[in-house]
Amino acid sequence: MVLFQEDVVVNSTGLAINLNVSVAKAIAQKAGPKLEEACGPLAPLNEGSIVVTSGYDMTCTHIIHCNSHYHRHDKDCKVRKTYGWEHDLPNTG
């Protein structure tokens, strides 16, 4: 297994920020229980919005949770409304 040191991990999620499915489940397992505690009050996460949490027990400093068109299996994911920046995100799960 290859492990990487990253500053940020992106979690493509839905309205409820469900950490029990797909890539989110793997992220939650690595980050530990504090991630789920932190995400509860952040839901619902409106489509097109993101929230940022700590990386907790992961080696990254932050986790960006993105409720995007891509999460609904559309072709593109355009994320806006945070820190004044806008990015196209690649497939994140």
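Some observations on this one:
- In order along the stretch 36-44, the Karplus-derived 3J(HN,Hα) couplings, from 6.51 cos²θ - 1.76 cosθ + 1.60 at θ = phi - 60°, round to 4, 4, 6, 6, x, x, 7, 7, x Hz, and Gly and Pro are given as x.
- Stretching the chain fully between residue 59 and residue 18 yields a gain of 12.6 nm (0.36 nm per residue, less the alpha carbon separation).
- Here the Karplus curve 6.51 cos²θ - 1.76 cosθ + 1.60, taken at θ = phi - 60°, turns the phi angles of the stretch 18-29 into couplings of 6, 9, 10, 9, 6, 5, 4, 5, 5, 4, 5, 5 Hz, with x standing for Gly and Pro.
- Linear extension gain, residue 46 paired with residue 34, 0.36 nm per residue minus alpha-carbon span: 2.1 nm
Every number in this text was worked out from the coordinates using simple rules, so none of it is lab data. Quick caveat, the model's predicted, so the values are computed rather than measured.
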